[in-house]
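The values are calculated or read from the model by the stated rules, or taken from the named source; none is laboratory data. Keep in mind that what you see is a predicted model, and the values were worked out from it rather than measured. Glycine gets a Cβ as well: all are built from the backbone with ideal geometry, and neighbour counts include every protein chain shown. Accessible surface areas use protein heavy atoms only, side chains included; no ligands, DNA or RNA. Shrake-Rupley method; radii C 1.70, N 1.55, O 1.52, S 1.80 Å.
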Amino acid sequence: MLGREESIIKKYELQGALTVKNLEGRHFEAYYCKDRKEAAEKALSLLTPGSSVSWGGSVTVEETGVTGMLYEKGFKVIDRDKAKTPEERLELMRQALLCDAFFAGINALSEDGVLINIDGTGNRVAPILFGPKSVILITGMNKVCKTPEDARARARTYAAPVNAQRIGAQNTPCALTGSCGDCKSPGCICSYIVEIRQSKPAGRIKVILVGEELGL
């Protein structure tokens, strides 16, 4: 009989293998890594030395330590958080649309390989869809849901309200009550809800599943 932690690890391994297979069937390049250290090493192995890199807001990417490693390894980093003015920040986000490799997380995905991402301004989902030569998405196995419908529900009713608290969203139902109100508030962080059914061209989007609970 396995203990609690061992049972979760085994469950993630089995579910991860199934999800990787289904992602590959949708033309994603997919990998399963047992922990965040292995995931960071895999992510860096997918990059060409000296390439330009950037990322969207992602707790998961931060938790793997990838952002710091990109600086350490000498990549050409486009980091909006280094901006000194709002105008410079916006320009850096625009530059990220044409970087060589863009990193982001996933709000939720289904076992059959459908990805769901929610964004308030679009600067995160836009480069995932088009622009950068390569997209590397890192996600904990806690984000994997049974069906696309389950994934959409997780993104809207769990990930969005928690992220609203994290970024200090103002005057939205989820910021005030913790529950999605399907709002049209100017501060809404669900302006763009993107469902990605396959990678086109094949292999442009890489998905790294991590056998840990990561992100929100």
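Taking the criterion of being assigned to a loop (DSSP other than H, G, I, E, B) and either at pLDDT below 95 or more than 20 Å from the chain's Cα centre (by Cα) (or both), the residues of segment 76-93 that qualify are Ala83, Lys84, Thr85. Filtered by the rule that a residue be part of a strand (DSSP E or B), more than 11 Å from Gly56 (Cα to Cα) and of a type outside the set (Val, Ile, Thr), segment 94-128 gives Ala101, Ala108, Leu109, Ser110, Leu115, Asn117.
Of the residues screened, Ala39 is not one that is closer than 18 Å to Lys206 by Cβ, in a helix (DSSP H, G or I), touching a Leu at 6+ places or on another chain (Cβ under 7 Å) and modelled with pLDDT of 95 or more. Selection within segment 26-36: residues that are out of contact with any strand residue (DSSP E or B) (no Cβ under 7 Å at 6 or more places or on another chain) and open to solvent by 60 Å² or more (accessible area, probe 1.4 Å). The member of this set that is nearest to Ile205 (Cα to Cα) is His27. When the residues of segment 101-122 are filtered to those that are of a type in the set (Val, Ile, Thr), in contact with a helix residue (DSSP H, G or I) (Cβ under 6 Å, 6 or more places away or on another chain) and surrounded by fewer than 22 Cβ atoms within 10 Å (Cβ to Cβ), the one that is nearest to Phe28 (Cα to Cα) is Val114. Taken over segment 125-134, the criterion of being in contact with a Lys or Arg (Cβ under 7 Å, 6 or more places away or on another chain) and either under 20 Å from Ile189 (Cβ atoms) or buried (at least 23 other Cβ atoms within 10 Å of the Cβ) (or both) is satisfied by no residue. For the residues Glu72, Glu88, Glu63, the requirement of being surrounded by fewer than 14 Cβ atoms within 10 Å (Cβ to Cβ) and touching a helix residue (DSSP H, G or I) at 6+ places or on another chain (Cβ under 9 Å) singles out Glu88.
Residues checked against (1) over 14 Å from the mean Cα position of the chain (by Cα); (2) surrounded by fewer than 22 Cβ atoms within 10 Å (Cβ to Cβ); (3) within 30 Å of Leu44 (Cβ to Cβ); (4) of a type in the set (Gly, Ala, Ser):
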| residue | (1), (2), (3), (4) |
| --- | --- |
| Gly140 | no, no, yes, yes |
| Lys146 | yes, yes, no, no |
| Ala153 | yes, yes, no, yes |
| Asn171 | yes, yes, no, no |
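Among residues of segment 25-54 that are farther than 20 Å from Leu70 by Cα and of a type in the set (Asp, Glu), those with a beta-carbon under 8 Å from a residue that is outside any loop (DSSP other than H, G, I, E, B) and at pLDDT 95 or above at least six positions away or on a different chain give the pairs Glu29/Ile205; Glu29/Lys206; Glu29/Val207.
Only residues that are among the polar types (S, T, N, Q), open to solvent by 20 Å² or more (accessible area, probe 1.4 Å), assigned to a loop (DSSP other than H, G, I, E, B) and over 20 Å from Ser58 (Cα atoms) were counted in segment 176-216, giving 3.
Being open to solvent by less than 80 Å² (accessible area, probe 1.4 Å), within 22 Å of Val207 (Cβ to Cβ), part of a helix (DSSP H, G or I) and basic (Lys, Arg) is a description that does not apply to Lys21. Listed conditions (1) outside any helix (DSSP H, G or I); (2) more than 23 Å from Leu23 (Cα to Cα); (3) hydrophobic (A, V, I, L, M, F, W, C); (4) out of contact with any Ser or Thr (no Cβ under 9 Å at 6 or more places or on another chain) are all met by Ile136, apart from (2). In segment 145-160, the residues that are farther than 16 Å from Gly120 by Cα reach residues that are at pLDDT 95 or above and β-branched (Val, Ile, Thr) with C-beta atoms within less than 8 angstrom, at least six apart or across chains, in these pairs: Pro148/Val114; Pro148/Ile116; Ala151/Val114; Ala151/Ile116; Arg154/Ile116.
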